[in-house]
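Visitor: Okay, handing you the structure first.
The values are calculated or read from the model by the stated rules, or taken from the named source; none is laboratory data. Just so it is clear, the structure is predicted and the values come from calculations on it, not from any experiment. When we count neighbours, we look across all protein chains shown, and the Cβ atoms used for this are built from the backbone with ideal geometry, even at glycine. Please note that ligands, DNA and RNA were not included when accessible areas were found on the heavy atoms of the full protein model with its side chains. Shrake-Rupley method; radii C 1.70, N 1.55, O 1.52, S 1.80 Å.
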Amino acid sequence: MMALMQSLVALSIDAMLPALTEIGQDLGAKKVNDSQLIVTILFLGLAFGQGIYGPLSDTTGRKPAIYLGFSLFLTGCLCSLFSTDLIVMLSGRFLQGLGLAAPRCVIVAIVRDQYEGPAMARVLSFVMTIFIFVPAIAPALGQGILFVAHWRAIFAALLSCGILTLIWFASRLPETLTVDRRIPFTFTRIKQGILEVCSHRVSLGYTISLGLISSAFLGYLSSAQLIFQKQYQLGTMFPLYFAILALCIGSASFLNGRLVMRFGMQNLSRWSKRFSTTISLIFFLYVISMAGHPPLWSLMLYMMIILFCFGIMYGNLNAMAMEPLGHIAGMGAAVTGAISTLISVPCGILIGHSYNGTVIPVISGFAISGVLIVCVMHWVESTTHS
């Protein structure tokens, strides 16, 4: 159930990808890259929303916060479904992101209510496995809908999925935050929670690392349709190639769930990051030598390696950032989620809007973020050991 609720985020993003150009043309987008905002603006809603639902869930319990989020998400789906210009569409997408911040944030708190340490990383990895399986099939679903219906039918499908998921959640999941563990909602407590996360070097460092990983991934995500459908002229084969890459993350997350109890979160994250950063720097030099248009097989091989490493790191970094925050799980999930997303959105938009018909902006995004994450993780771990 947790995985399905998380998967609504991926479905809302990736089912749109094959339709981005068509939506942009129908709604009067002035530039080709403007249609990427349909993806990235949802992440902006996610960033702002996570600051609301975390502390709210600590006060009211986890379920009421989820109900509020789903209400906003369904409203956003309706707004996008009936949009007549790009501004209305982007407003609906922002509302969808604002609503989806509830499951994205509160689910981490729900898991933290019941697990900690490597066990939490294991659960999050299995959630992430299914969460990533959805992006593997979402573009194909979107493409399939486009074959038989208008792009607006994609939003109708999202609306239906949201309603069915909400009914399942309401009827099957018990409240995980008991009344005696709830904390009154005050702005002072929110301020203290933010200060605690930001002053705790372990939580802050791994949160920044999450943001940097997400930056590179969002840059790839917003450029993927243009790279595969336009630059490499794959047309309707785009969902297949996208699915292969998505399954690399999913398989890594599943494998991490098996390995983390044996090797530990830090070791797996450290070696994954070092390896992926080294590969990114080498491949960046290769891409430059190829004038930004490497053979498709080499790009796919590189992306498979990088996204596999990302799949190893994501659940571990999330769990390590939350490890010191069990006493404020809702607030901690809110702050770490908001900070990482606020880092990733402007950087991801910058990478996506830098697309110039070559893969240089995307590969440079992976290389630069990799170097920065290695530095941040070294800073955190050297402090921890000392």
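Visitor: Are there any pairs with C-beta distances below 7 angstrom linking a residue in segment 349-376 that is surrounded by fewer than 21 Cβ atoms within 10 Å (Cβ to Cβ) to a residue that is of a type in the set (D, E, K, R), with the two at least 6 apart or on different chains, and if so which?
Guide: Going by the 7 Å Cβ cut-off, the qualifying pairs are VAL374/LYS273; VAL374/ARG274.
Visitor: Look through GLY97, GLY69 and report the one residue that is in contact (Cβ under 8 Å) with a residue 40 or more places away in the chain, open to solvent by less than 50 Å² (accessible area, probe 1.4 Å) and of a type outside the set (Asp, Glu).
Guide: Unique residue meeting the criteria: GLY97.
Conditions tested, residue by residue: (1) of a type in the set (A, V, I, L, M); (2) under 24 Å from the mean Cα position of the chain (by Cα).
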residue	(1), (2)
LYS191	no, no
ILE194	yes, yes
SER214	no, yes
SER223	no, yes
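Visitor: Being open to solvent by 10 Å² or more (accessible area, probe 1.4 Å), of a type in the set (A, V, I, L, M), in contact with a Cys (Cβ under 6 Å, 6 or more places away or on another chain) and closer than 26 Å to GLY117 by Cα is true for just one of LEU204, LEU212. Which residue is that?
Guide: Sole residue among the options that is open to solvent by 10 Å² or more (accessible area, probe 1.4 Å), of a type in the set (A, V, I, L, M), in contact with a Cys (Cβ under 6 Å, 6 or more places away or on another chain) and closer than 26 Å to GLY117 by Cα: LEU204.
Visitor: Out of all the residues in segment 140-151, is one or more assigned to a helix (DSSP H, G or I), closer than 30 Å to MET265 by Cα, open to solvent by less than 30 Å² (accessible area, probe 1.4 Å) and assigned by the TED database to the domain that holds ALA3?
Guide: No: segment 140-151 contains no residue that is assigned to a helix (DSSP H, G or I), closer than 30 Å to MET265 by Cα, open to solvent by less than 30 Å² (accessible area, probe 1.4 Å) and assigned by the TED database to the domain that holds ALA3.
Visitor: Here is a further query. Can you tell me which of (1) modelled with pLDDT of 90 or more; (2) buried (at least 24 other Cβ atoms within 10 Å of the Cβ) is the one GLY49 doesn't meet?
Guide: If we test GLY49 against (1) modelled with pLDDT of 90 or more; (2) buried (at least 24 other Cβ atoms within 10 Å of the Cβ), just (1) comes out false.
Visitor: Looking at SER125, SER91, which one is over 19 Å from the mean Cα position of the chain (by Cα) and either open to solvent by 10 Å² or more (accessible area, probe 1.4 Å) or farther than 26 Å from LEU37 by Cα (or both)?
Guide: Residue meeting the stated conditions: SER91.
Visitor: What pairs come out if I take residues in segment 302-327 that are in contact (Cβ under 8 Å) with a residue 60 or more places away in the chain and pair them with residues that are not in a helix (DSSP H, G or I) whose C-beta lies under 7 Å away, six or more apart or interchain?
Guide: PRO324/HIS200; GLY326/GLU116
Visitor: Could you please find all residues in segment 3-16 being over 11 Å from TRP151 (Cα atoms), surrounded by 20 or more Cβ atoms within 10 Å (Cβ to Cβ) and not β-branched (Val, Ile, Thr)?
Guide: Correct list: MET5, GLN6, SER7, LEU8, ALA10, LEU11, SER12, ASP14.
Visitor: Now a separate question. Kindly establish whether TYR115 is open to solvent by 50 Å² or more (accessible area, probe 1.4 Å) and either in the same structural domain as MET5 (by the TED database) or at pLDDT 90 or above (or both).
Guide: yes
Visitor: Checking CYS198 against (1) surrounded by fewer than 18 Cβ atoms within 10 Å (Cβ to Cβ); (2) out of contact with any Leu (no Cβ under 7 Å at 6 or more places or on another chain); (3) farther than 21 Å from GLY99 by Cα, only one condition comes out false. Which one?
Guide: (2)
Visitor: If you don't mind, there's one more thing I want to ask. Against the condition within 20 Å of the chain's Cα centre (by Cα), open to solvent by less than 30 Å² (accessible area, probe 1.4 Å) and modelled with pLDDT of 85 or more, how does LEU245 come out, does it pass?
Guide: Taking the combined requirement at face value, the residue satisfies it.
Visitor: So which residues in segment 160-206 are part of a helix (DSSP H, G or I) and of a type in the set (Ser, Thr, Tyr)?
Guide: Scanning segment 160-206 gives SER160, THR165, SER171, THR188, SER199, SER203, TYR206.
Visitor: For LEU78, work out the one condition from (1) open to solvent by 60 Å² or more (accessible area, probe 1.4 Å); (2) touching a Pro at 6+ places or on another chain (Cβ under 9 Å); (3) modelled with pLDDT of 90 or more it doesn't fulfil.
Guide: Only one criterion in (1) open to solvent by 60 Å² or more (accessible area, probe 1.4 Å); (2) touching a Pro at 6+ places or on another chain (Cβ under 9 Å); (3) modelled with pLDDT of 90 or more is unmet by LEU78, namely (2).
Conditions (1) modelled with pLDDT of 90 or more; (2) of a type in the set (Phe, Trp, Tyr), marked per residue:
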residue: ALA252; (1), (2): no, no
residue: ARG258; (1), (2): no, no
residue: SER276; (1), (2): yes, no
residue: TYR286; (1), (2): yes, yes
residue: ILE305; (1), (2): yes, no
residue: ALA319; (1), (2): no, no
residue: ILE328; (1), (2): no, no
residue: ALA334; (1), (2): no, no
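Visitor: Additional query: How many residues does segment 260-274 hold that are open to solvent by 10 Å² or more (accessible area, probe 1.4 Å) and either among the β-branched types (Val, Ile, Thr) or touching a helix residue (DSSP H, G or I) at 6+ places or on another chain (Cβ under 6 Å) (or both)?
Guide: Selection size over segment 260-274: 4.
Visitor: Does any residue of segment 251-264 turn out to be within 27 Å of ARG104 (Cβ to Cβ), assigned to a loop (DSSP other than H, G, I, E, B) and either more than 20 Å from the chain's Cα centre (by Cα) or of a type in the set (Gly, Ala, Ser) (or both)?
Guide: Yes: segment 251-264 contains one or more residues that are within 27 Å of ARG104 (Cβ to Cβ), assigned to a loop (DSSP other than H, G, I, E, B) and either more than 20 Å from the chain's Cα centre (by Cα) or of a type in the set (Gly, Ala, Ser) (or both).
Visitor: Of (1) surrounded by fewer than 18 Cβ atoms within 10 Å (Cβ to Cβ); (2) in contact with a Cys (Cβ under 7 Å, 6 or more places away or on another chain), ALA334 satisfies all except one. Which?
Guide: Condition (1) is where ALA334 drops out.
Visitor: I would also like to ask the following. Residues to consider are SER289, SER340, SER298; find the one that is in contact (Cβ under 8 Å) with a residue 12 or more places away in the chain, surrounded by fewer than 24 Cβ atoms within 10 Å (Cβ to Cβ) and of a type in the set (S, T, N, Q).
Guide: SER298
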